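Visitor: Right, I'll just put the structure down here and ask away after.
The values are calculated or read from the model by the stated rules, or taken from the named source; none is laboratory data. Just so it is clear, the structure is predicted and the values come from calculations on it, not from any experiment. Ideal geometry is used to build each Cβ from the backbone, glycine not excepted, and the neighbour counts take in all protein chains shown.
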Amino acid sequence: MAERMQICNLSENNFEQCTKCSICTTVCPVAAVTTDYPGPKQAGPDGERYRLKDPAYYDKMLKLCLNCKRCEVACPSGVHIADIIQHARMRAGEGKRASLRDTMLANTDLLGTVANLVAPVANVTLGLKPTKMVMHSVMAIDKHRTFPAYSRMKFETWFKRHAAEHQAAYANQVSYFHGCYVNYNFPKLGQDLVKLLNAVGYGVNLLDKEQCCGVALIANGLYKQAKRQARVNAASLRQAVNMDHRTVLTTSSSCTFNLRDEYPSMLGVDTSDVRDSIMLATRFIYRLVDDEKIKLVFKQDYKRRIAYHTACHMQRMGWQLFSIEMMRMIPGLDLQVLDQECCGISGTYGFKRENYERSQAIGATLFKNIADAKVEAVATDCETCKWQIEMSTGLPVENPISVLADALDVDATRRANGL
Amino acid sequence: MAKSKSVCNFAPKLIESIGFATLKTSFMVTDNIYKNEYDVIIIGGGATGAGTARDCALRGLKVLLVERNDYSTGATGRNHGLMHSGARYAVTDGESASECISENMILRRIARHCVEETDGLFITLPEDDLGYQRTFVDACERAGIRADIIDPEEARRIEPAVNPELIGAVRVPDASIDPFRLTVANLLDARLHGADTLNYHEVEGMIVNQNRIEGVKLLNKLTGEHVEVRGRVVVNACGIWGQRIAEMAGAKISMFPARGALLIFGHRVNNMVINRCRKPANADILVPDDTVCVIGTTSDRIPIETVDDMRVTREEVDVLLKEGVKIAPSLATTRIIRAYAGVRPLVASDDDPSGRSISRGIVCLDHAKRDGLEGFITITGGKMMTYRLMGEIATNAVCAKLGNTAPCVTATQPLPGSEDDTLDQRDMSKRYSFGQRAAIGRHGSLAARIEKENDIDNALVCECEGVTVGEIKYAVHQLHVHNLVNLRRRTRVGMGTCQGKLCSCRAASLMGEFRHDVKGAQADLAAFLDERWKGMRPVAWGDTLREAQLTAAIYEGLCGLDQVVDRTGKEDVQ
């Protein structure tokens, strides 16, 4: 062998390492419910060879990919299958304009800002049957879907008015990337986190400038905008991590995965220097307890039976263990850990009329397992999984942080941590 | 190899469904063929033989082509797949260069579905003499080859895979061509014009009557049958094996086998042909072929006795890699899926009794004039890409003997599959699936004959290369497929990075179904996997080795293929 040659077969997207074992296709939630989608192996490594020959070999069925990354988790050869598929979609979409529907779905923060102003009206209107029918037929947003209710007050506003001034008093400081859902729809989750962290002696700070992480923009082909927002966020993350020496906590698995991994791989925005300091709050809290740096004290009378659903991006990061083990610290909680199944929503995917049936077919096993688990609520780290499971099972879905905050005896915890 | 029994076991129903009546499969009509008397019998099913058969048939002759193995198993299927602009030969052999550019332009018209118009670069690296570039461009101009000197920066832009250190670049009209498709298209057209073609028929001897060749003695390798077929003229188009055929007829030709080894990479790193702008040497051409790219070749004179040994050595692999990375540095980390070798049929010039002077051009020998042997013509030398011209020259010689005055039309009449110039990938992406588009890429307008009405027909057999069940059916029924290796040459089944791991069992199962012969299909499957491994072995490291180990684990460990197939005494016809 010629010297130093052929030590590894690593091209840009490492698809050469694929040995065609097809394990990825067996775990693909889309391939399981439709023959229209060729499956990750065909759409990824196999298709890429043809696309290198001629980009016109792009298969329009690639849009059926959920980007759930389950293929990447399963791949024994470490091939970034979903990245290959997303990149192919990105190249195929270059120069094309996203539809009004996709632009609207993707711009979660713009929509949120407008909707917050008129929240009561917006919530009622979006829930009305005629509105839904119009959206279904004109905008191709499926009539079965209800947009998550918008909050009257943004989380950021609440934080500035009611929490910001107390934070400096704490010995330890963290930053919080709240994401669009917490900001516009569900500030309670952010409030729960602040309550929790304050109780164990941590002050919470917002980032200098936070924009939507852009996960929906990427999924809907608005890459330029995604890149712009990623740069703003990357600068804020750097300020928090490198200058203020704070860990950046999150409460959404998809935002987290996007900031840490999709920014560099999909958008070419390097966040590797701050990657290790961005993490889900459940992981942060679990580690603090595990290292005996903090103590949690729970309500004596707390008693609930909850099922935990592992969101796909959570599985990709391998962090479900932190959320599960953190909740298992709650004495009164009977936690049922569900098999890892995709719920089918995949962010904005399931909102689209053409995907609705497929989306529900994908989630069917999960919904059945939840029904069989006989629980009063479901916990998961992803807000879109929450919407899907709430719609499809009728059960309330909570973030593990809210579950923890709900079970926590705040005063006792403060005392236990010397506050 | 599937034996005759399996071949004859086709269900009658299936024979009816073949449909396209003029494309008779050989097993149905061998008895008639054996009884026929032909104007011309062409020996050799490479590009030259196929091109000669097509030309003869188009001029109204009654033609039989015989091939001892499968079509395009010799040098035709064992080269770069490069459609030379002729630039490569411009400095050293102006005549070959002129032939190349003229044929290059013709093939773009008549064989568009076999050709990809990539263009080529001749690059000068810091270790090369930039002064040669001028000599080169001047020689190209003399031969009528367009050669534009371009800025190295421009070269890096249009072909990002090129060695960025380059100090000079010339753009020429090189292209990529699929020799398997080309040969099949010529055979199809010959058959459409009444020719008969037989593969797996080996010439055992000539029918000689005094000083006249009157036909050939054949061994049907599928049935073991010995037959004689008569023809007024016999054309020897056997490439390097032509020396042996000539000996059977009692004529002597001195061939100089020049062996060349090549490496296939798992995917394309380049989309243009890249050559070194210097005197031709080892591993100085990188060609994008379909989904892969191929670096080659070495060049070694070998004894004529060893021309059937196509194993690639470690030293050859080393040379190819060492030189290859100078053309495109990414080859150092790109997965190699196979190595293969072929033998160029170089011929001693007739005017040099020492036999040392070698002609690189086309050699057409009328043995009546040369050796006093009537009815026998040898067409050899040349290159895969001048096959049409060789066919024309040989057919002219045949026609002169038979008094046929029909003109040659092969330079203007498109080959089957290339009649339609509207097939553009970009238009098709909306209407056709990936597999259907891959098939159109391979078969051109003939892809219309591939069934695609239901999900089964559209299901992929070979996922790497996008071969559907419909395409397999088409190939088996209409393109002379007797075994999986034949099927591979017609469709690219098993040519992708997994080298048959996923597709070969599916394809074998379809073949077994078509022929109602499970045992035969199992044996064929084992032989096919062995054949794939043969090419992987010289480059079996890294991911290619992992791939091979997984294949072995599936077929031997899981399926127990080695338990059900008796491989002792297996006939190796490859």
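Visitor: If you check B:Leu130 against the conditions, is it over 21 Å from B:Ser102 (Cα atoms), touching a helix residue (DSSP H, G or I) at 6+ places or on another chain (Cβ under 7 Å), in the same structural domain as B:Glu165 (by TED's automatic domain parsing) and surrounded by fewer than 21 Cβ atoms within 10 Å (Cβ to Cβ)? Steps first, please.
Guide: Numbers: over 21 Å from B:Ser102 (Cα atoms): yes; touching a helix residue (DSSP H, G or I) at 6+ places or on another chain (Cβ under 7 Å): no; in the same structural domain as B:Glu165 (by TED's automatic domain parsing): yes; surrounded by fewer than 21 Cβ atoms within 10 Å (Cβ to Cβ): yes.
Here the answer is no, as B:Leu130 does not meet what is asked.
Visitor: Within the stretch A:379-403, restricting attention to residues that are among the aliphatic types (A, V, I, L, M) and farther than 23 Å from A:Asn67 by Cα, which residue is farthest from the chain's Cα centre (by Cα)?
Guide: Taking the stretch A:379-403 first, the residues among the aliphatic types (A, V, I, L, M) are A:379, A:389, A:391, A:395, A:397, A:401, A:403.
Narrowing the set further to residues that are farther than 23 Å from A:Asn67 by Cα leaves A:395, A:401, A:403.
On the way: A:Leu395: 20, A:Ile401: 14, A:Val403: 18 Å.
Here the residue is A:Leu395.
Visitor: Can you give me the number of residues within the stretch A:2-12 that are modelled with pLDDT under 70 and either more than 7 Å from every other protein chain (Cβ to nearest Cβ) or on the phi > 0 side of the Ramachandran plot (or both)?
Guide: 4
Visitor: Give me a count of the residues in the stretch B:327-347 that are assigned to a helix (DSSP H, G or I) and more than 11 Å from chain A (Cβ to nearest Cβ).
Guide: Selection size over the stretch B:327-347: 1.
Visitor: If you go through the stretch A:273-331, how many residues are assigned by TED's automatic domain parsing to the domain that holds A:Leu404 and part of a helix (DSSP H, G or I)?
Guide: 15
Visitor: Quick one: in the stretch A:50-61, of everything that is closer than 15 Å to B:Cys464 by Cα and touching a residue at least 24 places away in the same chain (Cβ under 8 Å), which residue is nearest to the other protein chains (Cβ to nearest Cβ)?
Guide: Only one residue fits best here, namely A:Tyr58.
Visitor: Considering A:Thr256, A:Thr348, A:Thr251, which residue is modelled with pLDDT under 95, of a type in the set (Val, Ile, Thr) and either buried (at least 21 other Cβ atoms within 10 Å of the Cβ) or closer than 30 Å to A:Pro76 by Cβ (or both)? Don't jump to the end; show me each part of the working.
Guide: Working: A:Thr256 fails: modelled with pLDDT under 95; A:Thr251 fails: modelled with pLDDT under 95.
Criteria check complete, one pass: A:Thr348.
Visitor: Here is a follow-up. How do the pairs read when you match residues in the stretch A:146-161 that are on the phi > 0 side of the Ramachandran plot with residues anywhere that are of a type outside the set (Phe, Trp, Tyr), using Cβ under 7 Å and keeping only pairs 6 or more apart or on different chains?
Guide: none
Visitor: Inspect the stretch A:354-377 for any residue being acidic (Asp, Glu) and within 17 Å of A:Ala32 (Cβ to Cβ) and give the result as yes or no.
Guide: Here is the first cut: in the stretch A:354-377, the ones acidic (Asp, Glu) are A:354, A:357, A:372, A:376.
Remaining after also requiring within 17 Å of A:Ala32 (Cβ to Cβ): A:357.
Yes: one or more hits.
Visitor: Output the number of the condition that A:Lys96 fails; it satisfies all remaining conditions of (1) modelled with pLDDT under 85; (2) part of a helix (DSSP H, G or I); (3) basic (Lys, Arg).
Guide: Going through (1) modelled with pLDDT under 85; (2) part of a helix (DSSP H, G or I); (3) basic (Lys, Arg) one by one, A:Lys96 breaks only (2).
Visitor: Please go through the stretch A:278-307 and give me each residue that is surrounded by 20 or more Cβ atoms within 10 Å (Cβ to Cβ) and farther than 19 Å from A:Val200 by Cβ, ordered by number.
Guide: Within the stretch A:278-307, A:Ile278, A:Ile306, A:Ala307 qualify.
The rows are residues; the columns are (1) hydroxyl-bearing (Ser, Thr, Tyr); (2) without any contact (Cβ under 8 Å) to a residue 60 or more places away in the chain.
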position: B:Gly51; (1), (2): no, no
position: B:Val66; (1), (2): no, no
position: B:Thr76; (1), (2): yes, no
position: B:Asn79; (1), (2): no, no
position: B:Gly86; (1), (2): no, yes
position: B:Arg112; (1), (2): no, no
position: B:Gly120; (1), (2): no, no
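Visitor: Would the stretch A:263-275 turn up any residue that is closer than 25 Å to A:Thr413 by Cβ and at pLDDT 95 or above?
Guide: Step one: of the stretch A:263-275, the residues closer than 25 Å to A:Thr413 by Cβ are none.
No.
Visitor: Across the stretch A:394-419, what is the total count of residues that are on the phi > 0 side of the Ramachandran plot and either surrounded by 15 or more Cβ atoms within 10 Å (Cβ to Cβ) or modelled with pLDDT under 95 (or both)?
Guide: Filtering the stretch A:394-419 down to residues on the phi > 0 side of the Ramachandran plot leaves A:394, A:418.
Subset that is either surrounded by 15 or more Cβ atoms within 10 Å (Cβ to Cβ) or modelled with pLDDT under 95 (or both): A:418.
Qualifying residue count, the stretch A:394-419: 1.
Visitor: Is it true that some residue in the stretch B:402-417 is within 30 Å of B:Lys473 (Cα to Cα), modelled with pLDDT under 90, surrounded by fewer than 18 Cβ atoms within 10 Å (Cβ to Cβ) and in contact with a helix residue (DSSP H, G or I) (Cβ under 8 Å, 6 or more places away or on another chain)?
Guide: Here is the first cut: in the stretch B:402-417, the residues within 30 Å of B:Lys473 (Cα to Cα) are B:410, B:413-417.
Now restrict to residues that are modelled with pLDDT under 90: none.
Looking through the stretch B:402-417, none of the residues is within 30 Å of B:Lys473 (Cα to Cα), modelled with pLDDT under 90, surrounded by fewer than 18 Cβ atoms within 10 Å (Cβ to Cβ) and in contact with a helix residue (DSSP H, G or I) (Cβ under 8 Å, 6 or more places away or on another chain).
Visitor: It is to be established whether one or more residues within the stretch A:13-21 are closer than 19 Å to B:Gly466 by Cα, within 14 Å of chain B (Cβ to nearest Cβ), charged (D, E, K, R) and assigned to a helix (DSSP H, G or I).
Guide: yes
Visitor: Give the residue, chosen from A:Ala88, A:Ala31, A:Ala43, that is within 14 Å of chain B (Cβ to nearest Cβ) and without any contact (Cβ under 8 Å) to a residue 40 or more places away in the chain. Step through it out loud before you land on a result.
Guide: On the way: A:Ala88 fails: without any contact (Cβ under 8 Å) to a residue 40 or more places away in the chain; A:Ala43 fails: without any contact (Cβ under 8 Å) to a residue 40 or more places away in the chain.
Exactly one of A:Ala88, A:Ala31, A:Ala43 is within 14 Å of chain B (Cβ to nearest Cβ) and without any contact (Cβ under 8 Å) to a residue 40 or more places away in the chain, namely A:Ala31.
Visitor: Tell me yes or no: at least one residue of the stretch B:198-210 is among the acidic types (Asp, Glu) and closer than 21 Å to B:Thr76 by Cβ. Reasoning before the result, please.
Guide: Of all residues in the stretch B:198-210, those among the acidic types (Asp, Glu) come to B:202, B:204.
Subsequent filtering for residues that are closer than 21 Å to B:Thr76 by Cβ retains B:202.
Yes; the residues of the stretch B:198-210 include at least one that is among the acidic types (Asp, Glu) and closer than 21 Å to B:Thr76 by Cβ.
Visitor: How about the stretch B:163-201: which of its residues are touching a Pro at 6+ places or on another chain (Cβ under 9 Å), assigned by TED's automatic domain parsing to the domain that holds B:Gln133 and among the aliphatic types (A, V, I, L, M)?
Guide: Those that are touching a Pro at 6+ places or on another chain (Cβ under 9 Å), assigned by TED's automatic domain parsing to the domain that holds B:Gln133 and among the aliphatic types (A, V, I, L, M): B:Leu166, B:Ile167, B:Ala169.
Visitor: Can you name every residue in the stretch B:210-266 that is touching a Gly at 6+ places or on another chain (Cβ under 9 Å), in a loop (DSSP other than H, G, I, E, B) and buried (at least 20 other Cβ atoms within 10 Å of the Cβ)?
Guide: B:Ala237, B:Cys238, B:Ile253, B:Gly266
Visitor: Please count how many residues of the stretch A:223-267 are under 26 Å from A:Gln315 (Cα atoms), in a loop (DSSP other than H, G, I, E, B) and more than 18 Å from the chain's Cα centre (by Cα).
Guide: 1
Visitor: Out of (1) buried (at least 19 other Cβ atoms within 10 Å of the Cβ); (2) without any contact (Cβ under 8 Å) to a residue 60 or more places away in the chain; (3) under 30 Å from A:Arg415 (Cβ atoms); (4) under 21 Å from the mean Cα position of the chain (by Cα), the odd one out for A:Cys213 is which?
Guide: With (1) buried (at least 19 other Cβ atoms within 10 Å of the Cβ); (2) without any contact (Cβ under 8 Å) to a residue 60 or more places away in the chain; (3) under 30 Å from A:Arg415 (Cβ atoms); (4) under 21 Å from the mean Cα position of the chain (by Cα) applied to A:Cys213, the lone miss is (3).
Visitor: How many residues does the stretch B:276-310 contain that are in a strand (DSSP E or B), buried (at least 24 other Cβ atoms within 10 Å of the Cβ), of a type outside the set (A, V, I, L, M, F, W, C) and more than 14 Å from chain A (Cβ to nearest Cβ)?
Guide: Qualifying residue count for the region: 2.
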